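Following: one structure in structure tokens, then a few remarks.
The values are calculated or read from the model by the stated rules, or taken from the named source; none is laboratory data. Since we're looking at a predicted model, the values are computed, not measured. Neighbour counts run over all protein chains shown; Cβ positions are idealised from the backbone, glycine included.
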Amino acid sequence: MEKNERLFADIVESNKSAIYSVCYMFAKNADEADDLFQEILINLWKGMGTFREESKISTWIWRVSFNTCISADRKRKRDKSVRLSMDINLYDTHDEDSRQIKMLHDRVHRLKPFDRAIVMLWLEGMPYDEIAAVVGITVKNVSVRLVRIKEELKRMNNND
């Protein structure tokens with residue numbers, strides 16, 4: 001073991017109860033305390049070279065421990081995700097938007113597979129040159145096919 005690693009191991013060993021005390025103060029369970037402990041060790045290791053010995057090493061360890069736990073707590077509060085409920089069923093035809101989406105889906109689904117691929121890429125906002133590269137035709141052919149596909153979709157509208 002290198003000199004720095006041995007010194008670090010000794011510092012951690014003599015201060016681990018202080019580190020764990022801070023972790024348990026901020027953690028909601030043992031797993032979270034262990035995660036915080038590891039995060040503190042990482043920050044201590046990274047900061048070893050910046051310790052200026054203006055205070056006792058134990059003071060510095062407490063400060064790093066508190067700052068790490070406070071930062072983790074802030075991040076946890078900031079990153080709280082709220083489960084969103086989808087109040088719309090895209091296949092439910094009770095509202096106008098849903099009917100339009102379902103109608104478009106049904107019509108596109110009736111196209112030939114190659115035309116369906118082209119129109120789906122176009123609906124995704126992909127430029128003609130990228131559509132051409134994906135499906136293996138020329139840009140001009142993409143343009144011509146899209147005009148024909150749009151005409152076919154309009155005819156479907158008249159036949160529905």
**OP:** Select from the stretch 6-15 the residues that are farther than 13 Å from TRP60 by Cα and in contact with a Phe, Trp or Tyr (Cβ under 9 Å, 6 or more places away or on another chain) and list them in ascending order.
**Re:** PHE8
Subject >> Leading residue by the ranking (modelled with the lowest pLDDT) among those in the stretch 20-37 that are surrounded by 11 or more Cβ atoms within 10 Å (Cβ to Cβ) and farther than 13 Å from SER65 by Cβ >> reply: GLU32
**OP:** Answer with yes or no whether ASN29 is within 24 Å of ARG76 (Cβ to Cβ) and without any contact (Cβ under 8 Å) to a residue 24 or more places away in the chain.
**Re:** yes
Original post:
Which residue pairs have Cβ atoms under 8 Å apart, sit 6 or more places apart or on different chains, and have a first residue in the stretch 42-62 that is within 13 Å of SER14 (Cα to Cα) and touching a residue at least 40 places away in the same chain (Cβ under 8 Å) and a second that is assigned to a helix (DSSP H, G or I) and aliphatic (A, V, I, L, M)?
Top reply: ILE57/ILE11; SER58/ALA18; ILE61/ILE11; ILE61/ALA18; ILE61/ILE19; ILE61/LEU44; TRP62/ALA18; TRP62/VAL22
Subject >> Enumerated helices (runs of 4 or more DSSP H) restricted to the stretch 111-160, each holding at least 2 residues that are in the same structural domain as ILE101 (by TED's automatic domain parsing) and exposed (fewer than 12 other Cβ atoms within 10 Å of the Cβ) >> reply: 113-123, 139-159
Subject >> Subset of the stretch 43-82 (residues that are surrounded by 14 or more Cβ atoms within 10 Å (Cβ to Cβ) and in a loop (DSSP other than H, G, I, E, B)) >> reply: PHE51
Subject >> Options ILE131, ILE101: the member that is over 30 Å from CYS23 (Cβ atoms), within 33 Å of the chain's Cα centre (by Cα) and at pLDDT below 80 >> reply: ILE101
